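Novice: The structure that follows is given in the form of structure tokens.
The values are calculated or read from the model by the stated rules, or taken from the named source; none is laboratory data. Remember, predicted model here, so these are calculated numbers, not experimental data. As a convention, Cβ positions derive from the backbone with ideal geometry for all residues, glycine included, and neighbour counts pool all protein chains shown.
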Amino acid sequence: MTKRRRLSEARQTQILQAAVEVIRERGLCETRISDIADRAGTSSALVIYYFQSKDRLLGEALAFSEERFYEETARELQGITSARDQLVRLIQLSCSPGPDARQNWMDEWMLWLDLWARAPRDPDVARDRELLDRRWREAITDIVQAGQQSGEFRQVDAEDFALRLAVTIDGLAIQVVLGDPDVTTDLMEAICLRMAGTELGFDASSGLGSRQQSKGGGVSRSGRASHVAKAAGKSR
């Protein structure tokens, strides 16, 4: 059997970025492989050769978007020394990215909606969903445990807290993406900060003082390069 050639990093990035954009605009069901190929400036045959199916491309596109989030969040957190401020900033980036990053934020959440819809019927998509969700919760857990060791957070079950914060962000983000007029990104952020502050025992009302703005790509959850807390000290 002929070994499948490796796709160049530049070409892979082009195809995955195109997939993010097209799936976000049309939804997975209405997206054709040819649409993604046209947006990427390549052939449908090449996309099918390397990614095999739309479902597989969806999983790869979301993982690509997540990695972008981790890289940018790691840069944001490198200059933040306290676990409290790292957690606050992580919540801010996940909930309310600022005008420069809003489109990427929406792009990734639209991918998540497609992933969630297909996961119950597709074992491969379900596996992708589980891995990405677990990674995100572990990122939150790492920051909480660091804060407990430094005395910034009270002693709660860090994994349990991470699970509840993650699902709170997910649920509120769905309402934001659906355009619920009662659920804005500002409200989403306020709810998550209040939850974190109440449970971990810190004042979240002041945020980070002067709020920073993310300058690029996707925020949301998942991308969220190993874990965000660990990535902050390294070069998702």
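Novice: Only one of 154, 127, 134 is outside any helix (DSSP H, G or I) and surrounded by fewer than 20 Cβ atoms within 10 Å (Cβ to Cβ); which?
Specialist: Residue meeting the stated conditions: 154.
Novice: Working only within the range 36-66, note down all residues that are more than 20 Å from residue 25 (Cβ to Cβ) and either part of a helix (DSSP H, G or I) or touching a helix residue (DSSP H, G or I) at 6+ places or on another chain (Cβ under 9 Å) (or both).
Specialist: Our first condition is that a residue be more than 20 Å from residue 25 (Cβ to Cβ); within the range 36-66, this holds for 43, 45-46, 48-50, 52.
Scanning the range 36-66 gives 43, 45, 46, 48, 49, 50.
Novice: Using the structure shown, decide if residue 195 is assigned by TED's automatic domain parsing to the domain that holds residue 93, touching a Leu at 6+ places or on another chain (Cβ under 6 Å) and of a type outside the set (Phe, Trp, Tyr). Walk me through how you get there before you give the answer.
Specialist: Values: assigned by TED's automatic domain parsing to the domain that holds residue 93: yes; touching a Leu at 6+ places or on another chain (Cβ under 6 Å): no; of a type outside the set (Phe, Trp, Tyr): yes.
It is false that residue 195 is assigned by TED's automatic domain parsing to the domain that holds residue 93, touching a Leu at 6+ places or on another chain (Cβ under 6 Å) and of a type outside the set (Phe, Trp, Tyr).
Novice: From (1) in a helix (DSSP H, G or I); (2) within 20 Å of residue 170 (Cα to Cα), pick out the condition that doesn't hold for residue 28.
Specialist: Single failed check for residue 28: (1).
Novice: Let me ask you something else. Cβ contacts < 7 Å: first residue within 15 Å of residue 199 (Cα to Cα), restricted to the range 75-90; second residue not in a helix (DSSP H, G or I), any location; separation 6+ or different chain. Result?
Specialist: Pairs found: 83/150; 83/152; 83/153; 84/152; 84/202; 88/204; 88/207; 88/208.
Novice: Further, regarding this structure: How many residues are among the polar types (S, T, N, Q) and at pLDDT below 75 when one looks only at the range 79-116?
Specialist: The number of residues fulfilling the criteria is 3.
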